[in-house]
Amino acid sequence: MVSTSTLEIQLQESFKQREYSKVVFEISSRTTEDERTSSLCNLLGISRIESNKKDKDTLLLAIKDFKQGYLKEKNTIHAIDCLGNFITSSVLLKDIEKDYETDFSDLINLYELSKEYCLNHRPIHLAMTMIYRRLNHAKKIIFHLDKVIKSKNFNAFDLCNYGYWNCFAKNWKQSDFFNYGNFIDESLKEIPQNQLVKLSEVSNLKIRIGFLSADIIQGHSITFFLKTILSNYDKKKFEIVLILNNPKEDQSTKDFKDLVDGTINIWNLDNVSAVNRVRKLKLDIMVDLMGYTSTNRLEMFKNRIAKKQIIWMGYCNTTGLKNMDYIISDPNLIHSGEEKFYSEEVIYLPKIWNSHCGFNFKRNENPPPFLKNKYFTFGSFNNFAKINSDVVSVWSNILKKVSNSKLILKTSSKKQASERIKELFNNNGVLNSIKFIDREKEFKNHLDQYKQIDIALDTFPYNGVTTSFEAIWMGVPVLAMAGYNFNSRCGESINMNLGIDQLIAKDEKDYVQKIVNLSNNHDDYIKLRKFVYANALKSPLFDNQDYSKSFFEALEQITK
């Protein structure tokens with residue numbers, strides 16, 4: 001009988017040398033399943049995946065290894081390692097193979113059985129967030145990320161994800177976001193200056209502005225707002241460079257490249273190399289379009305890559321970084337006296353913080369669906385993660401109070417997320433009043449689905465933003481909830497700039513009552529709908545030239 005401890009010691013060196021096939025062969029040929037310890041099962045499973053990451057059969061074998069490793073010992077550190085990898089690989093296989101049968105509740109139950117042994121185990125908490133991301137269950141994601149942060153075994157992405165997901169809940173006040181931002185600033189790595197190119201102090205002939213994003217790809221929300229300013233800047237006065245952090249580029253990326261003076265992609269660069277590459281551009285201003293979201297590079301801003309640094313659009317809250325100099329907002333989002341809860345100096349654009357570029361489709365005024373249906377249809381095409389239990393409760397009350405009314409929701413791409421939402425509505429007794437519709441491949445067909453909706457319902461505290469702009473462009477009024485910070489007031493600012501303050505609810509009770517009142521006063525509703533259609537494109541929401549003028553004037557001002 002082979003000594004498993006001796007074998008493991010021998011193979012650890014092969015694993016470090018990335019000789020994964022050798023590790024798989026040695027363990028498979030020299031041990032039986034019964035002889036393998038949890039540690040060997042874990043080593044075998046990881047080596048299988050590393051040797052052939054995209055092969056379904058290999059992944060299935062690795063999943064079997066991890067499960068066996070967990071069941072052998074259950075509560076040892078090596079068994080918990082196996083459990084984390086079992087959950088992660090099962091979720092990944094489900095992503096790759098839609099027909100792969102795995103029940104997330106089974107994975108959750110395994111975690112529950114061993115959770116007292118997982119308190120400071122970062123990999124397993126991150127594995128659990130993978131499950132809850134696919135269920136769009138923000139509260140559970142926050143729970144597990146909180147464990148990661150408290151364990152003090154975290155990286156920059158863990159830090160940012162925890163801050164980002166707290167935007168979906170009402171647990172934090174803005175002072176909490178401010179304090180957590182300071183914690184992020186203290187926790188991010190500071191690169192020694194002797195490794196960095198000196199930051200340029202030279203004045204450029206034109207104001208040189210960089211925009212950093214990982215999301216300049218087809219259909220991403222930020223592209224509709226970024227296009228506004230990139231299509232309307234004075235090339236005699238400004239020079240614009242896109243800094244991409246994309247592993248892949250598509251036609252939309254190419255289209256954006258054609259709008260600007262230059263583009264670089266830093267995806268393959270580590271932070272030191274990326275900071276130096278960007279510093280060599282000698283930018284006057286660097287605009288971060290991600291903040292805590294996406295595959296951000298916040299650590300680069302911590303180490304300063306331009307004379308002035310700004311957070312805008314992609315993340316609507318403070319970053320907490322001392323070196324993030326400004327945040328672009330408007331008077332409806334950060335109220336006077338609240339600036340102390342944002343580490344950045346607030347640039348108040350005069351009307352609205354964002355302006356949508358609109359769509360290249362003919363716009364028609366559509367009749368209210370209730371005229372034909374004889375009942376009101378509400379709708380939300382927002383990310384299901386934004387539809388929390390409070391939102392479900394309020395929307396359910398609306399469906400109960402407005403006779404025969406219906407609610408249309410756009411189905412998440414993740415089947416499990418749809419099931420969670422259905423369960424929430426079923427618990428409120430209104431599931432039969434909900435219609436789930438599939439995502440449309442063609443964007444025009446997506447917009448046409450707004451024709452089925454009388455009134456769009458915004459989510460809270462994390463507002464819809466892009467979906468609100470879409471609904472309004474299609475002539476559909478949007479009911480928004482008053483918020484308590486930048487992130488939760490976006491719906492307010494949109495409606496205030498459109499001139500429909502009456503569709504801003506002060507609280508959950510008012511949210512329901514406003515809908516009930518409109519549904520009982522058809523003439524008022526029809527007038528409101530006509531107003532939305534007639535005034536949308538004339539409002540700051542879609543006035544691209546006026547917005548761009550204000551945007552670049554503000555940027556020019558901070559360079560003086």
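The values are calculated or read from the model by the stated rules, or taken from the named source; none is laboratory data. Remember, it's a predicted structure, so these values are computed and weren't measured experimentally. Ideal geometry is used to build each Cβ from the backbone, glycine not excepted, and the neighbour counts take in all protein chains shown. Side chains included, ligands, DNA and RNA excluded: accessible areas come from the protein's heavy atoms. Shrake-Rupley method; radii C 1.70, N 1.55, O 1.52, S 1.80 Å.
Observations, loosely collected:
- Among all positions in the range 89-103, there is no residue which is within 18 Å of Phe143 (Cα to Cα) and not aliphatic (A, V, I, L, M).
- Of the residues making up the range 89-124, just one is among the basic types (Lys, Arg), part of a helix (DSSP H, G or I) and over 23 Å from Leu159 (Cα atoms), namely Lys94.
- Scanning the range 251-293 for residues that are closer than 14 Å to Ala306 by Cα and more than 22 Å from the chain's Cα centre (by Cα) yields Ala274, Val275, Asn276, Arg277, Val278, Arg279, Lys280, Leu281, Lys282, Leu283, Asp284, Ile285.
- In summary, His446 fulfils each of the numbered conditions (1) part of a helix (DSSP H, G or I); (2) open to solvent by less than 10 Å² (accessible area, probe 1.4 Å) with the single exception of condition (2).
- The one condition in (1) out of contact with any strand residue (DSSP E or B) (no Cβ under 7 Å at 6 or more places or on another chain); (2) more than 27 Å from Phe443 (Cα to Cα) that Phe224 fails to fulfil: (2)
- Tally of residues being part of a helix (DSSP H, G or I), farther than 10 Å from Leu498 by Cβ and open to solvent by 30 Å² or more (accessible area, probe 1.4 Å) across the range 527-543: 4
- When Tyr315, Tyr348 are checked against the criterion of being open to solvent by 10 Å² or more (accessible area, probe 1.4 Å) and either within 23 Å of the chain's Cα centre (by Cα) or modelled with pLDDT of 95 or more (or both), a single residue qualifies: Tyr348.
- Every condition in (1) part of a helix (DSSP H, G or I); (2) modelled with pLDDT under 95; (3) closer than 23 Å to Lys94 by Cβ; (4) out of contact with any helix residue (DSSP H, G or I) (no Cβ under 7 Å at 6 or more places or on another chain) holds for Leu59 except the one numbered (4).
- Across the range 368-425, the number of residues qualifying as in contact (Cβ under 8 Å) with a residue 40 or more places away in the chain, part of a helix (DSSP H, G or I), among the hydrophobic types (A, V, I, L, M, F, W, C) and open to solvent by 10 Å² or more (accessible area, probe 1.4 Å) comes to 1.
- Residues satisfying the stated conditions in the range 448-476, i.e. of a type in the set (Phe, Trp, Tyr) and out of contact with any Leu (no Cβ under 9 Å at 6 or more places or on another chain): Tyr450, Phe460, Tyr462
- Residue in the range 282-294 that is assigned to a helix (DSSP H, G or I), open to solvent by less than 30 Å² (accessible area, probe 1.4 Å), out of contact with any helix residue (DSSP H, G or I) (no Cβ under 6 Å at 6 or more places or on another chain) and more than 19 Å from Gln557 (Cβ to Cβ) present: no
- For the range 22-38, the criterion of being crowded, with 16+ Cβ neighbours inside 10 Å, small (Gly, Ala, Ser) and within 25 Å of Thr102 (Cα to Cα) is satisfied by at least one residue.
- Among the residues here, Ile9 qualifies as open to solvent by 50 Å² or more (accessible area, probe 1.4 Å) and of a type in the set (Val, Ile, Thr).
- Ser548 vs. criteria surrounded by 15 or more Cβ atoms within 10 Å (Cβ to Cβ), part of a loop (DSSP other than H, G, I, E, B) and of a type in the set (Gly, Ala, Ser): no
- Pair list, Cβ < 9 Å and 6+ apart or interchain, from the range 152-181 residues that are under 10 Å from Asn317 (Cβ atoms) to residues that are among the hydroxyl-bearing types (Ser, Thr, Tyr) and open to solvent by 30 Å² or more (accessible area, probe 1.4 Å): Cys167/Tyr462; Gln174/Tyr484; Phe178/Ser343; Gly181/Ser343
- Of the residues making up the range 488-509, those that are in contact with a strand residue (DSSP E or B) (Cβ under 9 Å, 6 or more places away or on another chain), under 22 Å from Leu399 (Cα atoms) and part of a helix (DSSP H, G or I) number 3.
- The range 3-29, residues that are over 22 Å from Tyr70 (Cβ atoms) and in contact (Cβ under 8 Å) with a residue 24 or more places away in the chain: Arg18, Ser21
- Neighbours by Cβ (under 7 Å, 6+ apart or cross-chain): first from the range 344-367, without any contact (Cβ under 8 Å) to a residue 24 or more places away in the chain; second part of a loop (DSSP other than H, G, I, E, B): Glu345/Asp325; Val346/Ile334; Tyr348/Asp330; Tyr348/Pro331
- Of all residues in the range 449-487 being open to solvent by 30 Å² or more (accessible area, probe 1.4 Å) and among the hydroxyl-bearing types (Ser, Thr, Tyr), the one that is nearest to the chain's Cα centre (by Cα): Tyr462
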